[in-house]
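The values are calculated or read from the model by the stated rules, or taken from the named source; none is laboratory data. Given the structure is predicted, the values throughout are model-derived calculations rather than measurements. Cβ placement follows ideal geometry from the backbone for every residue including glycine, while neighbour counts extend to all protein chains displayed.
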Amino acid sequence: MKIKVVESVFQANDAVAGENRALADKAGVLMVNLMSAPGSGKTTLLERTLVELGPKNCAVLVGDLQTVRDAERLGVSGSQVVQINTGRGCHLSAAQVAQGLSELDLTGLSYLFIENVGNMVCPASFDLGEHKRVALLSVPEGDDKVAKYWTLFQGADVILLSKIDLLGALDFDPERVRDDLSKINTHAPLLEISAKSGQGFHNWLDWLRKEHYTPTE
Ligand SMILES: Nc1nc2c(ncn2[C@@H]2O[C@H](COP(=O)(O)OP(=O)(O)OP(=O)(O)O)[C@@H](O)[C@H]2O)c(=O)[nH]1
Ligand SMILES: [Mg+2]
């Protein structure tokens, strides 16, 4: 008896992710996927980043279940921005990113940011074709989240501890975060930043400038 096997959802996604990456490679654009819980500060981080790096150097694909609110906020910078509404979907897929990419002119861009849907679990499992993964953890979420939601942090290339301007107001021990990270991810730097006050923000910009797109052999 021949058993039919339905192709894994991950295999199909990975094939499209490969095409997205090839498109970005061809254009010489670094594709950066930002992931975190809702409200960690992804859009606020990007608002400031676009201004600092130069709006014409950057474009953004932003995922949310509903509304164009984040795209409206980011569009103020003058960067190209495309909002992707996932409806009930808890993460962006490579196919959705491919659709978003078709709306962008990549000519002359250095950075393409993808703001994933706010969720600490689902986005981490889906390759979108990005070159780098950024995981945010904000101070109000609590210092136990790396241990609890480890898959997000294990696969990250850089981890941003955001909203550090609130450190004095909340019980949050950055040492606990560092300790938890040391067990699951020793290669990604942990950068402490505030997109509100600007504290530590230059470390994030330095990281981005260092990671700018370089062709692989
Ligand atoms: N104090 C402080 N507040 C911040 C900082 N960054 C963002 N916020 C606030 O946190 C709230 C959520 O910020 P957003 O940037 O919308 O968060 P997000 O991760 O894009 O949220 P979703 O797209 O819904 O997942 C807003 O009220 C921001 O003003 C920060 O560095 N410090
Ligand atoms: Mg947002």
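Of LEU208, LEU161, all but one fail to be away from ligand 1 (no atom under 16 Å from the Cβ) and at pLDDT 95 or above; the exception is LEU208.
Conditions (1) modelled with pLDDT under 95; (2) over 23 Å from ASP165 (Cβ atoms); (3) in contact with a helix residue (DSSP H, G or I) (Cβ under 6 Å, 6 or more places away or on another chain), marked per residue:
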| site | (1), (2), (3) |
| --- | --- |
| VAL5 | yes, yes, no |
| PRO38 | no, no, no |
| THR44 | no, no, no |
| THR49 | no, no, no |
| PRO55 | no, yes, no |
| LEU61 | no, yes, yes |
| ALA71 | no, yes, no |
| GLY78 | no, yes, yes |
| LEU92 | no, yes, no |
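Step by step: first the residues of the range 96-138, then only those that are among the hydroxyl-bearing types (Ser, Thr, Tyr) and in contact (Cβ under 8 Å) with a residue 12 or more places away in the chain, then the one that is nearest to ARG176 (Cα to Cα). Which residue is that? This residue is SER138. Kindly evaluate VAL139 against the criterion of being within 16 Å of ligand 1 (Cβ to nearest atom) and either acidic (Asp, Glu) or more than 14 Å from MET35 (Cβ to Cβ) (or both). Yes; evaluated as a whole, the condition is true for this residue. Taking (1) buried (at least 18 other Cβ atoms within 10 Å of the Cβ); (2) more than 26 Å from GLU141 (Cα to Cα); (3) of a type in the set (Lys, Arg) in turn, LYS56 satisfies each apart from (1).
The number of residues in the range 117-136 being buried (at least 17 other Cβ atoms within 10 Å of the Cβ), more than 16 Å from ligand 1 (Cβ to nearest atom) and among the small types (Gly, Ala, Ser) comes to 1. I want to confirm something. Restricting to the range 142-158 and keeping residues that are among the aromatic types (Phe, Trp, Tyr) and more than 13 Å from the chain's Cα centre (by Cα), which single residue is farthest from ligand 1 (Cβ to nearest atom)? For the range 142-158, the residue satisfying everything is TRP150.
Taking each residue of the range 50-68 that is touching a residue at least 12 places away in the same chain (Cβ under 8 Å) and within 16 Å of ligand 2 (Cβ to nearest atom) and looking for partners that are part of a strand (DSSP E or B) and of a type in the set (Asp, Glu) with beta-carbon atoms closer than 7 Å, six or more apart or interchain, yields VAL60/GLU115; VAL62/GLU115; GLY63/GLU115.
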